[in-house]
1. Among L53, L15, L111, which one moves the most in a GNM of the chain with springs linking Cα atoms closer than 10 Å?
2. Please go through the stretch 121-199 and write out the trypsin sites (Lys or Arg not before Pro) that DSSP classes as loop and that have at most 13 other C-beta atoms within 10 Å.
3. Name the GluC sites (Glu not before Pro) in the stretch 90-173 that are in a loop by DSSP and that have at most 16 other C-beta atoms within 10 Å, would you?
4. Of all accessible surface on the chain at a 1.4 Å probe, what whole percent is carbon and sulfur?
5. Of E27, E200, which has the most accessible area with a 1.4 Å probe, and how do the rest follow in descending order?
6. Suppose accessible area is computed on protein heavy atoms with a 1.4 Å probe; arrange M26, M106 from highest to lowest.
7. Placing +1 at every Lys and Arg Cβ and -1 at every Asp and Glu Cβ, with all other atoms neutral, what dipole size does the chain have around its Cα centre, in debye to the nearest 20?
8. Looking only at the chain, where both bridge partners belong to it, what percent of the DSSP beta bridges are antiparallel (to the nearest 5)?
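The values are calculated or read from the model by the stated rules, or taken from the named source; none is laboratory data. Computed from a predicted model, the values in this text were never measured in an experiment. We place every Cβ from the backbone using ideal geometry, glycine too, and count neighbours over all the protein chains shown. When the accessible area is computed, the model is the full protein with side chains, heavy atoms only, and any ligands, DNA or RNA have been set aside. Shrake-Rupley method; radii C 1.70, N 1.55, O 1.52, S 1.80 Å.
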Amino acid sequence: MNHHKIKRLGIISALHEEQEGLVQAMEGLATVTHGMRDYAVGRLWGIDAVCVLSRIGKVAAAMTATMLVEKFGVTHILFTGVAGSGGPSVAVGDIVVAESLVQHDMDASPLFPRFEVPLTGLAHFTSDASLSTHLAGAAHDFVAGDFLDVIEADERRVFRLQQPSVHRGLIASGDQFVSCRDHIGRLGTNHPGLLAVEMEGAAVAQVCFELGVPFAVIRTISDNANEDAAHDFMRFVKSVAARYAFHIVRRFCQQPHPNLAVKAL
Ligand code: SAH
């Protein structure tokens, strides 16, 4: 349980479409460009926030998280994005909030156990329980209160979205877009309980662990990480995932939370 108040929230997205609406919603917006990224600094529904696009992959995400903390002074980090389903219980349109994250392409064996990040002693990095619970609450409220209003009927039909579920558990990250049935099957075998596969979360988790910054990761399931994964991917991001991210972050910021300090700059 983290008892420190959120003084400044960093919000990382991997894709432009996911971030666009959040930046438009910021008040008192100032943009700072550094290291090939635009950091949007302002207030988001009353919270001092910095929104930034990490771009894709673990190094890109690690650099972005580090800059948010070291250069922009964020005290907490949220990552929002899309992911492939990690198993049959997780459907396209569902939401996954990470409890822990693993780098599935880390392998320094036999020097270190497979998946362990050398010299940390850890394979799984744990997200902040309090932030994650608040985020999952915002996701549940989104499903109950916004989903039917903000996701158009056409999109719900095309992507066969019904009442989305919110899952909490393990996310695996690696520098690979997983689009092969055998590959996602192996990942599921190697990582029992796997809910989602993506390319950034576990890198942010490692940086936040090393810097002592509480973080949470939320992912909308865009695909089944199989041969069809790239099909309609950008349409899903634009017309579905971007809206999920916007409204979930809005609810996250607007809802009272013991750790959210809403105060003037
Ligand atoms: N087609 C896109 C590339 C997206 S890469 C483009 O041209 O820009 C995939 C992004 O979505 C990454 O940020 C990753 O975190 C997430 N993702 C979604 N589905 C994934 C999958 N099946 N495997 C790995 N990452 C996935």
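1. Highest fluctuation among the options: L111.
2. R160
3. E152
4. Looking at the chain in its full context, I get 54 percent from C and S.
5. Greatest to least solvent exposure: E27, E200.
6. From most accessible down to least: M106, M26.
7. Here the chain has a charge dipole of around 560 debye.
8. Antiparallel bridges make up about 40 percent of those DSSP assigns within the chain.
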